[in-house]
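This report concerns only the one structure given below.
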Amino acid sequence: MVERISKLLIANRGEIAVRIIKTCRKLGIKAVAIYTQVDASAMHVRLADEAYSLGSDPYSYLDVHKIIEIVKRSGVDAVHPGYGFLSEKAVFAKAVEDAGVIWIGPRWSVIEMLESKSITRSIAHSLGIPVVPGTLGPITLAEARKVADELGFPVLLKADRGGGGRGIRIVRSPEELERLFKVAVEEIKTSFGSDKVYVEKFIPRARHIEVQILADQHGNVIALSERECSIQRRYQKVIEEAPSPIITESERMKIYDYSIRFMKHIKYSNAGTIEFIRDENGNLYLIEVNKRIQVEHPVTEMITGVDIVEQQIKIAEGRELEIKESIYKFNGHAIEARVYAEDPNTMLPSPGIITWLEFPRNEYVRIDHALAPGIEISHFYDPMIAKVIAWGSTREEARLRLVKALSEFKINGIKTSIPLLIDILVTREFIEGKFDTQFLTEFLNKRKSPR
Ligand code: ADP
C-alpha cells in the first residue's frame, strides 16, 4: 500500500536538516523543523515551513518524548531522522511508528538487531560474508586474552554498540590488554549504555570502502555504487570519494553482492550502507551496517544523479524502487571534504558567530551547509559546518575543482579546517590514490614534528 507523505518532521539540525528540506520542496512536501533555544535562528528553522521549539536544553534533539509530542501536535505524517542523534535508535523509530506516523528508515526491529555490531558480524558470517577475524559475540577479559593471543597483537577492542569512531581502542600487547580492558568497558558503559565489547584483529594499512544500498519494502535491493572513506582522523571520516580509486572490478562486484545479500536476508528497507575494510592483499571484510543516510551521501548522488533522500521518502511511502538495475552505472568521480569549525593547526574547536561568508561558484561544486552571516556555531553541536563536494569526469578533475573551491570558500568569525583539507588534497599520496586509514594521522604527526 502506498501512503503519500505530505508533511514531514525533520528530527535533526544543521546541514542535513537543510539538505532534507531541499528534497521536501522538490516533492511538494511541507517541512517541519524542531529546534533548541541555541538554534532559534538557525538555517533549518528559517527554511522550514513550520518550526517547533524543544526548549532551552541544547541536548533536546535527543529527547524522544519531547519530539514525539511535537510529532503529534504538528500533524505530520512522517519523520526523517537525518544522521546522528536518534537516527539509529530503535526506541525512537518505534515511538514514531507507535504514534501512527511513517518512519523514514528501516523497521525498528531491524534497527534494534543491527544496533549490536556483534549480531551484525554473526549474520554476515552465517551468510558466508567475510568479517574481520575476531570474536563473533561479546567477551570477558579471559576470553579476550585467549583470542588476542591467537590473532596476534595489535587487536582492536570495540564497543558492541559503538559508533562514530568512538568506542574503538587499539591494544598492542598483553600488558596493554590487562590495563585497557577494564578502562574500555567502563568508558563504553558510560557512553553507550552497554558494557559489551568484542575483539577484532587490527588490519594494518586498511582502506575503508562502503556500499550505498537502496532497498524497498517489496524485497528489491540495489547497490548504488561504492565510496571510499580512508582519509580518517580518530576513526572518523574527513575526505570521501566515489568511486573508490583502488578496488578492482571483481572486488567491486564482490562487495556489491555481499551487501545486497546481507540486506535481502534481513529484509531491510531504506537507504543503508555496508562498510568494509580492505587489507593490503585485497581481502575485503564487512565491519558495520549503517541504517540511515550517511554524511558522505552527496558523492554518490553526484556520480549517479540519484537523490537519495527522495528515494528514502518514496521507499517509506511504500513505493517500489524505480531503479531496476541491481548494479547502478555511475558517471565520473566525486570527492567530498568535511569542513570543521576548528583551528587548522591545533585542531581545537573554534565556535563563534559567522561574520562574513563567500561561497565558491562552480556548476560542478556542491556545498551542503546551514551557514549564513550572523549564525552562531555553538560548541554544543557537531563542529562539522559544511561539506564541499566536487564532481569531475576524472578523479583528477574532481580533485582540482575541490582544491579550487576550498580555496575560494571564505568564512570569517570562526576558524575552519579548510587549510588542512587543501594540504591533504595536494599530497602525492592523495593525488595517486595511495593512502590508507592511517595516512592522515601520520601526515598530522609529521606536520607537528619540527623539520
Ligand atoms: P564506528 O561504528 O565507530 O564508526 P567502525 O567499526 O565503522 O566504527 O570503524 C571505524 C573505522 O575504524 C573504520 O573506518 C576503520 O578505519 C577503522 N577500523 C575498524 N575496524 C578496523 C580493523 N579491524 N582494523 C583496522 N582498522 C579498523
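Per this entry, S194 is not counted among residues that are among the small types (G, A, S) and either part of a strand (DSSP E or B) or near the ligand (Cβ under 10 Å from one of its atoms) (or both). Screening the range 205-215 for residues that are near the ligand (Cβ under 9 Å from one of its atoms) and within 30 Å of I315 (Cβ to Cβ) and picking the one that is surrounded by the fewest Cβ atoms within 10 Å (Cβ to Cβ) gives H208. What do you reckon, is E280 within 16 Å of the ligand (Cβ to nearest atom), under 14 Å from the mean Cα position of the chain (by Cα) and either in contact (Cβ under 8 Å) with a residue 24 or more places away in the chain or outside any loop (DSSP other than H, G, I, E, B) (or both)? No; evaluated as a whole, the condition is false for this residue.
The residues in the range 171-217 that are more than 21 Å from the chain's Cα centre (by Cα) and closer than 30 Å to K329 by Cβ can be counted, and the count is 1. Do the conditions hold for G137, that is, is it under 19 Å from the mean Cα position of the chain (by Cα), under 30 Å from L284 (Cβ atoms) and not hydroxyl-bearing (S, T, Y)? Taking the combined requirement at face value, the residue does not satisfy it. Restricting the search to strands (runs of 3 or more DSSP E) fully inside the range 353-451 and requiring at least 3 residues that are within 24 Å of the chain's Cα centre (by Cα) gives 365-369, 384-392.
Residues are listed down the side, and each one gets a yes or a no for (1) within 25 Å of E442 (Cβ to Cβ); (2) at pLDDT 95 or above:
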site: G137; (1), (2): no, no
site: F153; (1), (2): yes, yes
site: V183; (1), (2): no, no
site: G193; (1), (2): no, no
site: Y198; (1), (2): no, no
site: I203; (1), (2): yes, yes
site: V211; (1), (2): no, yes
site: L214; (1), (2): no, yes
site: N220; (1), (2): no, yes
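So, I239, is that one part of a strand (DSSP E or B) and either crowded, with 20+ Cβ neighbours inside 10 Å or at pLDDT 95 or above (or both) or not? Against the criterion (part of a strand (DSSP E or B) and either crowded, with 20+ Cβ neighbours inside 10 Å or at pLDDT 95 or above (or both)), I239 qualifies. With the condition kept exactly as written, say whether any residue in the range 252-262 is modelled with pLDDT of 95 or more and assigned to a strand (DSSP E or B). The answer is no, given that none of the residues of the range 252-262 is modelled with pLDDT of 95 or more and assigned to a strand (DSSP E or B).
Selection of the range 56-93 for residues being in a helix (DSSP H, G or I) and of a type in the set (K, R) yields K66, K72, R73.
Can you find a residue in the range 393-406 that is at pLDDT 95 or above and over 24 Å from P243 (Cβ atoms)? Within the range 393-406, not a single residue is at pLDDT 95 or above and over 24 Å from P243 (Cβ atoms).
Of note, F202 satisfies the criterion of being closer than 14 Å to I287 by Cα and surrounded by 14 or more Cβ atoms within 10 Å (Cβ to Cβ).
The values are calculated or read from the model by the stated rules, or taken from the named source; none is laboratory data. It should be emphasised that the depicted structure is a prediction, and the values quoted were computed from it without experimental measurement. Cβ: placed from backbone, ideal geometry, glycine included. Neighbour counts: every protein chain shown.
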